[in-house]
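S.K.: Let me give you the structure first, and then I'll get to my questions.
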Amino acid sequence: MPRIAHKNFTGGEVSPTLTGRYDLERYATSVQCMENMLPGLHGDAARRPGTRFVADLGGYAVLIPFSFSVEADQNFVLVMSHKALRVSDGAGALCAPVATPYAAADLLRLSWAQVGDIVYLAHPAYPLHKIMRSPAGSGSGYTWSVEQVILNESISAPAAPEVTFNGSGGSFALRYKVVAVDAHGRESLPSPPGQAANGKHPSDWVQGNSAAIRWQAVAGATEYNIYRESAGYYGFIGICRAEDAQAGPMQTLSFLDNNYEAKTDDTPKEDWNPFANGNHPATVSFHQQRMVLGGGTKNPQTFYMSRTGDFENFRKSRPLQDDDPVEYMVASGSMDAIQWMASFGDLLLGTSGSEYKATGENGVITPKNATITAQSYWGSAGLAPLVIGNSILHVQRHGSRVRDLFYSLEKDGYAGNDLSIMAPHLFEGHTLVQWAYQQTPGSRIWCVRDDGILLVLTYLKEHQIFGWSRHVTQGRVLSVAAISGDNGDVVLLAVQREVEGRPRVFLERLAEPFAPDTAVENAFFVDCGITFCSTEGIRTMTGLDHLEGCALAVLADGSPVEGCVVRKGGIELPYAARIVHAGLPYASVLSPLPVEADTRQGSTLGRHRGHGRCVVRLFRSVGGQYGSSRRKLDDFPFLPARWGQPCEPYSGDVAFAPGGGHNADASVWLVQSKPLPWHVVAIVCDVDFGEA
């Protein structure tokens, strides 16, 4: 019997149609089933941690991450439900709901981008809105608010100034405008022009000539910019600072023009709102210190960029300046709506037909200088892309393929790969509706499929690692988000489960991994579960009202307990325990691809084979089952060192014989269905090939 080692599972689960393609390099690293197992970056495969119950959401919800800093207490999850927003720190209760305009059916089409304490929300059916966090008045905690973004909002413009020309006059009309500026540097619209009809052209002024400009103060203004007409433009000539920032409207301010040069490259700003009359933007992002909005209802191929450093300001100068707002249409020969935008050195644009790079002179996009070039022609779905290291991941048009984009020196542009090419069975007939990137641990992308199945892509481009796994729970995953935590990124889920015959939606948090120093009594491998700790030990565990009537998996002081059903919000244990984890059970399954090779007798394809002695190398694992199929399994012989104590996690080799006889599709199946850790390093099998 040849001895075959399955020692690398980074290829993840692949399509059944690839069982004959043993000539592929990735065949040796792939498996036929990886359910509720996560491929590790070293080739191992570990059981997915369970999920901890956080809160009852009351109904359908979509999660949006709010990440302010690397400090865990500065990161939150925004829970968007039907016309309401609630906020959670990912571990505790939700705040009181805040009203929003968004209906439940529209939540998955929301595009968001965060800057500081503000999250901007774009949707083609709604005006641009923003979620804002502010310190609570009591000095502890925060308050949250949602409001519509009013573009170009500023303090009031001054009234028309009075202008007096000093000295011997003439017949030239000297015209001036005044702009009020608040403490944040935001400028008002210019005042109506004020003029001195008896003035002289500035080139004709002589000693003693000047012009006095007077105007009424504007509440909230800290200074004023003064502009004089020159060659049809109003050019900047100086600043007048208000002595009292709270000056009343009756205070008169003045500025004396001593024939200062009118700088016509700095002119008053004119109002411009490209999103008036229902042209709501569909996507929002940030690039080069500008807010970028695109995919508008009326101009789906056009993107707009705000003034530099002033995200809600779209006022233009005349003539245009480099920091003025930007407007460009992506000319593609067809109506390709902008689906997403991402800042990735260049501004990358995903449309329904192509992917584009937008840049300018020296890499800077300005109102007068931009170059937009196509990088690929796959087309993009509306799911926001993920920036991961030196790559950007996006979902191909129709939502059923995942591709990456990265800069290629040979192409001098962006190239990419289809990361779902080996596992089309996970996507056919389905779309991805949301995803989130968990950088640590594991470099994983958690993807929500339209039927509620959770797919995970382990992705590390520099080592050519990408592999998919399926994650099934008793219910449907609706949404996913990731925020920074104390020891890595925290994955949060909105999950719809059936409890007592009716759907319930819960906020759940992926539990911490079973680390090398974690005791077995702290292993958490149940879904929607809770933990109860007591120094005295308990026989009755309460707090399980959200799972009323459900049969649970229970781990009590490191030992599994069966037959527990929630009654009146609690369960009864057969013995007193200090640390109890209780939640919904789930099974973790791993099965390598069939062993195939070219031998001196020809290909092994179609030949009957049977498995003799097999060995699984485990790392800190307890329990588990094995067999030649998923339907017929035997238990691994784990026993505690002392009666009445839990089995300690084992690292090493365990021999087994899967049985099943000789047949063409004989395989090895490893299953863990108890709430215990299970971590496979390698599988070694003696395989006997028959003649037929």
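The values are calculated or read from the model by the stated rules, or taken from the named source; none is laboratory data. The shown structure was predicted, so the numbers you read here are calculated from the model rather than taken from an experiment. Please note: Cβ atoms are built from the backbone with ideal geometry, for glycine as well, and neighbour counts cover all protein chains shown.
S.K.: Looking at the stretch 177-197, which of the residues that are assigned to a strand (DSSP E or B) and touching a Ser or Thr at 6+ places or on another chain (Cβ under 7 Å) is farthest from Asp310 (Cα to Cα)?
M.R.: Ranking the candidates gives Ala196 first.
S.K.: Identify, please: which residue in the stretch 366-390 is polar (S, T, N, Q) and modelled with pLDDT under 90 and is, among those, nearest to the chain's Cα centre (by Cα)?
M.R.: Asn390
Matching residues to (1) among the β-branched types (Val, Ile, Thr); (2) surrounded by fewer than 20 Cβ atoms within 10 Å (Cβ to Cβ); (3) outside the structural domain of Val615 (by TED's automatic domain parsing):
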position	(1), (2), (3)
Ser69	no, yes, yes
Ser81	no, no, yes
Arg86	no, no, yes
Ala99	no, yes, yes
Ala104	no, yes, yes
Leu107	no, no, yes
Ile118	yes, yes, yes
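S.K.: Something else now. Could you say whether any residue in the stretch 478-495 is at pLDDT 95 or above, among the hydrophobic types (A, V, I, L, M, F, W, C), in contact with a Gly (Cβ under 6 Å, 6 or more places away or on another chain) and closer than 22 Å to Arg109 by Cβ?
M.R.: yes
S.K.: Tell me which residues, restricted to the stretch 401-451, are under 24 Å from Asp23 (Cα atoms) and among the hydroxyl-bearing types (Ser, Thr, Tyr).
M.R.: Hit for the stretch 401-451 is Ser420, nothing else.
S.K.: Residues in the stretch 374-389: is at least one in a strand (DSSP E or B), within 20 Å of Asn299 (Cα to Cα) and in contact (Cβ under 8 Å) with a residue 12 or more places away in the chain?
M.R.: yes
S.K.: Okay, moving on. Suppose we keep only residues that are of a type in the set (Gly, Ala, Ser) and touching a helix residue (DSSP H, G or I) at 6+ places or on another chain (Cβ under 7 Å) within the stretch 330-389. Which one would you say is farthest from Leu110 (Cα to Cα)?
M.R.: Only one residue fits best here, namely Gly389.
S.K.: With respect to Phe524, is the statement that it is modelled with pLDDT under 95 and either assigned to a strand (DSSP E or B) or within 30 Å of Glu548 (Cα to Cα) (or both) true?
M.R.: For Phe524, the condition - modelled with pLDDT under 95 and either assigned to a strand (DSSP E or B) or within 30 Å of Glu548 (Cα to Cα) (or both) - is not met.
S.K.: Among the residues of the stretch 605-648, how many are more than 39 Å from the chain's Cα centre (by Cα), farther than 21 Å from Ala577 by Cβ, assigned to a loop (DSSP other than H, G, I, E, B) and not aromatic (Phe, Trp, Tyr)?
M.R.: Residues that pass the stated criteria total 8.
S.K.: Can I ask one more? Whether any residue in the stretch 436-448 is touching a Ser or Thr at 6+ places or on another chain (Cβ under 7 Å) and either hydrophobic (A, V, I, L, M, F, W, C) or more than 23 Å from Val477 (Cα to Cα) (or both) is what I want to check.
M.R.: yes
S.K.: Given the structure, is Val580 assigned to a strand (DSSP E or B) and in contact with a Phe, Trp or Tyr (Cβ under 7 Å, 6 or more places away or on another chain)?
M.R.: Judged against the criteria, Val580 is a match.
S.K.: Ser111 is checked against (1) within 25 Å of Ala664 (Cα to Cα); (2) in contact (Cβ under 8 Å) with a residue 24 or more places away in the chain; (3) small (Gly, Ala, Ser) and fails just one. What number does that condition carry?
M.R.: (1)
S.K.: Here's a follow-up. Pick out the one residue from Val495, Val554, Val491 that is touching a His at 6+ places or on another chain (Cβ under 9 Å), part of a strand (DSSP E or B) and not small (Gly, Ala, Ser).
M.R.: The conditions single out Val554.
S.K.: How many residues are without any contact (Cβ under 8 Å) to a residue 24 or more places away in the chain, among the aliphatic types (A, V, I, L, M) and part of a helix (DSSP H, G or I) if we restrict to the stretch 4-53?
M.R.: 1
S.K.: Find the residue count for the stretch 334-352, including only residues that are more than 16 Å from the chain's Cα centre (by Cα), touching a residue at least 24 places away in the same chain (Cβ under 8 Å) and surrounded by 20 or more Cβ atoms within 10 Å (Cβ to Cβ).
M.R.: Here the count works out to 9.
S.K.: Further, regarding this structure: Please state which of the following conditions Thr373 fails to meet, knowing it meets all the rest: (1) surrounded by fewer than 18 Cβ atoms within 10 Å (Cβ to Cβ); (2) under 22 Å from Trp112 (Cα atoms); (3) of a type outside the set (Lys, Arg).
M.R.: Result: Thr373 fails condition (2) only.
S.K.: Collect the residues in the stretch 196-224 that are of a type in the set (Val, Ile, Thr) and touching a strand residue (DSSP E or B) at 6+ places or on another chain (Cβ under 9 Å), keeping them in residue-number order.
M.R.: Result: Ile213, Val218, Thr222.
S.K.: Also, quick follow-up: Being of a type in the set (A, V, I, L, M) and either free of Cβ contacts under 8 Å to residues at least 40 places away in the same chain or in the same structural domain as Ile530 (by TED's automatic domain parsing) (or both) is the filter; apply it to the stretch 633-686 and report the residue that is farthest from Tyr586 (Cα to Cα).
M.R.: Per the stated criteria, the residue is Ala641.
S.K.: Turning to a different aspect of this structure: Here are some conditions: (1) at pLDDT below 95; (2) surrounded by 14 or more Cβ atoms within 10 Å (Cβ to Cβ). Arg228 meets all but one. Which one does it not meet?
M.R.: Failed condition: (1).
S.K.: Show me the strands (runs of 3 or more DSSP E) entirely contained within the stretch 392-439 in which 2 or more residues are touching a residue at least 24 places away in the same chain (Cβ under 8 Å) and of a type in the set (A, V, I, L, M, F, W, C).
M.R.: Here the list reads 402-408, 432-438.
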